[in-house]
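First up is the structure itself, then whatever we jot down about it.
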Amino acid sequence: MARSWSRCQSVWWIPLAAVAVVLAVVPAHGAGSRVRPTQGTMLGGPRGEALPLPLSRTGVSAQVSAGSARVVVAQTFVNPHRVPIEAVYVFPLPARAAVTGASVRVGSRVIRGSITPRRNARDTYLVAKSRGQRVVSVEQEGPNIFTQSVSHIPAGGRVAVEIEYHVPLRQASGIYEFTFPMVVAPRSVPGSPDGSVPKGGGRLPDTTRVPDASRISPPLLRPGLRSGRDIDIRLTIDEGSALSWVKSPSHGIRRRKRGAGREEVTLVSRAEIANRDFVLRYRTSTAGVSVVTHQSSDGTGFLGLTIPDGRLAGAAASRLPTRVVFLIDDTASMAGAAWAAARQIVRESIVAMPAESKLSIVPLSGRKKLPMMAATERGRRRAIAFLDRLRPRATVDPSPGMRRALATAGADSAIVVVTDGWFGNEAELATMVARARSSRVFPVIVGAAPNRHLADLLAAAGHGESLFVAVGEDPGRRVAEVLALLGQVPGTGLRIVWPPGRVHSVTPRPLGPIYAGYPARVYARFDRVPTKMRVLIEGPGRKPQTLVVDPKRGRDNPSLPVLWARQRISELELDGLRSGADHSAVIARLGEEFQLLTRHTSFIAVDEGQPGAPASKTIYVPVDVPAGAKRRRVLADSQISDADSGAVDPVDGIEKQPKDGERSRAQVDAPAPE
């Protein structure tokens, strides 16, 4: 059994983001006092004493308009120790979020951050930290995981952090969906330890297949502890028309009308534990082509075009695909509510399949599959009996299960992947799907804190669509949507022909595949926003369609430039998976041009004021176990026993900080994973 470092540096991980990362440092009282562990408190003393490290409040404010959201997250932390500390936070964001800036406030002074190449930012951080300067960096580990490091929080200091990002809302069947993720779910990490100095302070070593594992594997809190006290979520929705309904399947909410077509939504209770995604869905009373525009200060124009699926989708098929493979995630992390939801979805889908179809069930763990068979009454009974015998099991590597599903499916087929997505080798799995080119892939993501980035990646690579089943939602209600997607012939090979000489760049290009219920969203960059124009939609075997677009009648959306850039980066990353091309230089240029956080660019903000004593302690903050998951089962997928998981003991959570480039003594002495 592979084992983690027996006593790593502890880890502080929190949801964050950034157009503004504002740190206000003021004195705090009670440093050094002894407390009893309670809900709402994280503990960790340098000499074994019980000291609180509370996250006293998380405030989320979102302005939702024109199909996108501007989100500001404010959080307050306290350093009760007698020495300065360095704090490292790992936090989740929506995979499509555009994170766009950083600043630091020290007393009355505000230090503005900027985007630089990631390596340069890291060097700047280490030099400033060694001098005792306060410096903040924000780095992207993946599209939905970020790390913030604060080099110097003074003894007895209180830190208020404010962050901002922009994100397009998901839209399906006329319903908009806003999501705020609250916890980085654990990831299984295949591969052999690469023997290098860990890049981060996580509980798992970097491996040959997940080289950043130590940066995406925060320790888990012990039972009875939580990462924050109060959570306040406040959304203002202003879509320009009345909302026909607003619902949250994950949390209790209150609604207040703030004018025509404008509503405010808040949480019923602030005492929520940050262990599941907040999900809000709403429907507007308007339909049709949606146009938003924005004119940048340099004269460059941006346009966002949302085209209803009825204009683009293919015809409904008279039957399901000849072959349907259900790839069900039976890894240990699924034990509990996610496993119950997954089995219900697969079971009810099998029952509804017509007899002329064929089906197979492939466990993602790689264990024995149910061979392809006719979906007759006898075949469905065999499939359900096979499903009932499955139980979650410890699994580190989902790749064998994915390969088996792709091989089983063959031509004229579809693969329904039901999973929580808690895998560290996301790109590897998506590359397998993209290069197979034989099946359409439809991920159905379940659980309280699912990895939606993996679902979106698999759907894009497999020319399908992804669905999400939230906590508190009836999984059976999603079965009809799954079958409807399987039974469609999507619109493919579509492209928009813009007036010549006007458009600078369009993303994505080409469009599609387009499924009924899922509109197409296109971002265009112009030398200047044009006047009324006609655009042509054409594709193989289709009659060309003309749309009249009047940008002057579109709503202004200042987020458009960064949303265009974020979509362009996603398009380049997907092409890299399919073709193996290296687009890192182009992505880095986009990050610097639009001051956007990417894998190759980071935020850095340095306080040039009077240096203090360098931090002698580094705290990596542990995270909550996602709701509905079982802690021991989650750890089993990482092949780490509960005793050696690296989950920080609440009264022994801080190690002396090793010198840069060196491992801590505990890391050196720990047995290497087998």
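The values are calculated or read from the model by the stated rules, or taken from the named source; none is laboratory data. Keep in mind that this is a model prediction, so the values were computed, not measured. A quick note on method: Cβ atoms are made from the backbone with ideal geometry, for glycine too, and the neighbour counts reach across all protein chains shown. Accessible surface is based on the protein model in full, side chains and every heavy atom, while ligands, DNA and RNA are left aside. Shrake-Rupley method; radii C 1.70, N 1.55, O 1.52, S 1.80 Å.
Numbers at a glance
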quantity	calculated
Per residue, in Å², the accessible surface of segment 444-543 once ligands and nucleic acids are set aside, probe 1.4 Å	40
Accessible surface of segment 349-422 [probe 1.4 Å, protein heavy atoms]: carbon and sulfur percent	52
Loop-resident sites, segment 388-417, for trypsin sites (Lys or Arg not before Pro), counting at most 14 other Cβ within 10 Å (DSSP)	none
Integer Hz, Karplus 6.51/-1.76/1.60 couplings in order for segment 574-579, x for Gly and Pro	5, 4, x, 5, 6, 10
Selection of GluC sites (Glu not before Pro), segment 102-193, meeting DSSP coil and at most 15 other Cβ within 10 Å	none
Relative contact order (%) - criterion: Cα under 8 Å, at least six apart; region: segment 437-482	41
Förster radius 35 Å - calculated FRET efficiency between Ala411 and Lys552 (Cβ-Cβ, nearest 0.05)	0.15
Cut-off 15 Å, label 7 Å out along Cα→Cβ of Ser505, residues of segment 541-569 by amide N	560-569
Cut-off under 5 Å, modelled amide H: who pairs with Leu327 long-range	Val362, Val416, Val417, Val418
Pairwise label distance in nanometres, Ala484 with Ile175, each label 7 Å out on the Cα-Cβ vector	0.9
Cα centroid of segment 568-597 to Cα centroid of segment 460-493, whole Å	28
Karplus-derived HN-Hα couplings along segment 405-415 (A = 6.51, B = -1.76, C = 1.60, θ = phi - 60°), whole Hz, x at Gly and Pro	5, 5, 5, 6, 5, x, 7, 6, 9, 9, 10
Zone of Arg270's modelled label, taken as backbone nitrogen in segment 160-180 under 19 Å from a point 7 Å along Cα→Cβ	160-163
Share of carbon and sulfur in the accessible heavy-atom surface of segment 556-633 [1.4 Å probe, %]	49
For segment 481-591: rounded, prolate or oblate by the Cα gyration tensor [a/c cutoff 1.5]	oblate
Derived scalar couplings ³J(HN,Hα) [segment 172-181; Karplus, 6.51 cos²θ - 1.76 cosθ + 1.60; whole Hz; x for Gly, Pro]	8, 6, x, 10, 8, 10, 9, 10, 10, x
With all protein chains modelled, accessible area of Lys532 [1.4 Å, Å²]	130
Accessible solvent surface per residue of segment 190-278, calculated while the other protein chains remain in place, 1.4 angstrom probe, Å²	40
Where Trp245, Trp498 fall by accessible area, highest first, once all protein chains stay in place (1.4 Å)	Trp245, Trp498
Exposure ranking of Asp298, Asp607 by accessible area [1.4 Å probe, largest first]	Asp298, Asp607
Protein accessible area in segment 100-239, 1.4 Å probe - carbon and sulfur %	47
Exceeding the 28 Å Cα-Cα cut-off - candidates Lys199/Lys617; Lys358/Lys630; Lys358/Lys543	Lys358/Lys630; Lys358/Lys543
Long-range amide H partners of Val503 with built H, under 5 Å	none
Accessible area of Arg215 in the full protein assembly, 1.4 Å probe (Å², nearest 10)	30
Area accessible to solvent at Lys358, 1.4 Å probe radius, in Å²	90
Solvent exposure ordering (accessible area, 1.4 Å, most first) of Phe594, Phe526	Phe594, Phe526
Net length gained if the chain between Arg262 and Ser241 were fully extended (0.36 nm per residue, minus Cα distance)	6.8 nm
Computed lengthening from Ser114 to Arg391, 0.36 nm per intervening residue step minus Cα-Cα distance	94.8 nm
Calculated FRET efficiency for the pair Gln545/Arg234, C-beta based, R₀ 45 Å, to 0.05	0.65
Segment 355-433 - accessible surface per residue (Å², probe 1.4 Å)	38
Chain lengthening between Ala160 and Arg255 when straightened (0.36 nm per residue, less Cα-Cα)	31.4 nm
